[in-house]
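Trainee: The structure follows.
The values are calculated or read from the model by the stated rules, or taken from the named source; none is laboratory data. Here the structure is a predicted model, which means the values were calculated and not measured. FYI the Cβ positions are ideal-geometry reconstructions off the backbone, even for glycines, and counts take in every protein chain you see.
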2 protein chains.
Amino acid sequence: MNKLEENDKEEITGKAGILSFPGFPIVIGCIGKNLITLAAISMVSFYDPPLIMIGIVPERYSYDLIKEVQDFSVNIPSTEIIEAVKYCGRVSGRDVEDKFKESGLTQVKPSKISSLLIKECPVNLECKLVKTLDVGGSHVWFIGEVVTAHRRKEYSRSQAFMFWPGEYRYVGDVIKK
Amino acid sequence: MNKLEENDKEEITGKAGILSFPGFPIVIGCIGKNLITLAAISMVSFYDPPLIMIGIVPERYSYDLIKEVQDFSVNIPSTEIIEAVKYCGRVSGRDVEDKFKESGLTQVKPSKISSLLIKECPVNLECKLVKTLDVGGSHVWFIGEVVTAHRRKEYSRSQAFMFWPGEYRYVGDVIKK
């Protein structure tokens, strides 16, 4: 009872521990008219107000852009557009004038922000930048208030998919109680 | 080409947008000797230094405790201990003297922090508190540097599982390229 044991596992360092997590939600962020694939995304607050944050590496084109635009949209893709997800993660907005056109995605008019939304994504969140969080390390985080959102009536989270370095995965089955 | 369309989706408000994300990693946090099940967890930085953050509702017992202890461990469970995961999410440390004993989990000695680790979890991350993030809303976030981590040799992310309100899910299959 209540015994304290020695750890019988391998010690791992650096990012290996973090990469052991079982997946990150994958989304396409839209900042102004530029698209960026992101798995660095987290809920910050469910209510009063609802907040999410997205993490961007400072070298990325979107990093300066978001400071200029002051808002962003988060678009949850379905597996049907996995090629567009890959494209938006691979190609920089510095090198392409119109990522919507090149990726085959369709622009949708936002209600309350200036950044565009993506028609093919079954969920769109409109976010106004409220705070920037820089605690050092690889990513700077932009916290946004979800001022409104849009969802396809027939959307189910099972249509979405996950990412972690090296692989994309389907959402798994519900564990029966 | 490059056309701007009206949104044909339903407008949703509050936390419904955030809850549309395809799952959150589920972990058991250990603060001192108290255990808490958490799905509010995110990577903050992969390196220089590796950072993660955990979100805690201020009313929870762990909220005051973490300020006192100044470190925490993050333990990734496998589906084998799903009952312990549920137990640690349901029962407050205010009401139970020894959650390890009650949940059937075994204490493991940490290397570099004071908070205990969990033997039955195949991955343990030792985190030192570096910053508290309170931007209002439902959760306060504790950012920790991952000072070391431990992983079972045979661990695969497929053994882990995901959570979102209402259901637990297995990690899904890899999407073939």
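Trainee: Please go through region B:113-141 and pick out each residue that is surrounded by fewer than 17 Cβ atoms within 10 Å (Cβ to Cβ) and touching a Lys or Arg at 6+ places or on another chain (Cβ under 7 Å).
Mentor: Matches in region B:113-141: none.
Trainee: Sticking with this one: Of the numbered conditions (1) of a type in the set (D, E, K, R); (2) over 19 Å from A:Thr13 (Cβ atoms); (3) in contact with a Phe, Trp or Tyr (Cβ under 9 Å, 6 or more places away or on another chain), B:Asp98 fails exactly one; give the number of that condition.
Mentor: (3)
Trainee: Oh, and also: Of the residues B:Asp48, B:Asp8, B:Asp98, B:Asp71, which single one is touching a residue at least 24 places away in the same chain (Cβ under 8 Å), of a type in the set (Asp, Glu) and at the interface with chain A (Cβ under 8 Å from one of its Cβ atoms)?
Mentor: B:Asp98
Trainee: Run down A:Pro110, A:Pro58, A:Pro77 and say which single residue is touching an Asp or Glu at 6+ places or on another chain (Cβ under 9 Å), surrounded by fewer than 18 Cβ atoms within 10 Å (Cβ to Cβ) and over 24 Å from B:Gly136 (Cα atoms).
Mentor: The match here is A:Pro58.
Yes/no matrix, rows are residues, columns are (1) under 17 Å from the mean Cα position of the chain (by Cα); (2) over 28 Å from B:Lys33 (Cα atoms):
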| site | (1), (2) |
| --- | --- |
| A:Ser20 | no, no |
| A:Thr37 | yes, yes |
| A:Ile41 | yes, yes |
| A:Asp48 | no, yes |
| A:Ile56 | yes, yes |
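Trainee: Does B:Ser42 satisfy the criteria of being surrounded by fewer than 24 Cβ atoms within 10 Å (Cβ to Cβ) and not in a helix (DSSP H, G or I)?
Mentor: no
Trainee: Would you pick out the residues in region B:117-150 that are in a loop (DSSP other than H, G, I, E, B) and within 23 Å of B:Pro58 (Cβ to Cβ)?
Mentor: The answer is B:Asp134, B:Val135, B:Gly136, B:Gly137, B:Ser138, B:His139.
Trainee: Considering only region A:145-177, state which residues are out of contact with any strand residue (DSSP E or B) (no Cβ under 7 Å at 6 or more places or on another chain), of a type in the set (Lys, Arg) and modelled with pLDDT of 90 or more.
Mentor: A:Arg152
Trainee: Report, by residue number, each residue of region A:101-131 that is touching a Ser or Thr at 6+ places or on another chain (Cβ under 6 Å), free of Cβ contacts under 8 Å to residues at least 40 places away in the same chain and closer than 11 Å to B:Asn7 by Cβ.
Mentor: Of everything in region A:101-131, those that are touching a Ser or Thr at 6+ places or on another chain (Cβ under 6 Å), free of Cβ contacts under 8 Å to residues at least 40 places away in the same chain and closer than 11 Å to B:Asn7 by Cβ turn out to be A:Ser111, A:Lys119.
Trainee: So, one more: Out of region A:109-123, which residues are within 7 Å of chain B (Cβ to nearest Cβ), of a type outside the set (Val, Ile, Thr) and within 17 Å of A:Gly144 (Cβ to Cβ)?
Mentor: A:Leu117
Trainee: Something else: Could you go through region A:133-142 and let me know if any residue there is facing chain B (nearest Cβ under 9 Å), on the phi > 0 side of the Ramachandran plot and not aliphatic (A, V, I, L, M).
Mentor: yes
Trainee: State the number of residues belonging to region A:131-177 that are among the charged types (D, E, K, R) and under 27 Å from B:His139 (Cα atoms).
Mentor: Summing the residues that are among the charged types (D, E, K, R) and under 27 Å from B:His139 (Cα atoms) in region A:131-177 gives 5.
Trainee: For region A:156-169, does any single residue satisfy the condition of being more than 16 Å from the chain's Cα centre (by Cα), within 11 Å of chain B (Cβ to nearest Cβ) and more than 30 Å from B:Tyr170 (Cβ to Cβ)?
Mentor: No, the conditions are met nowhere in region A:156-169.
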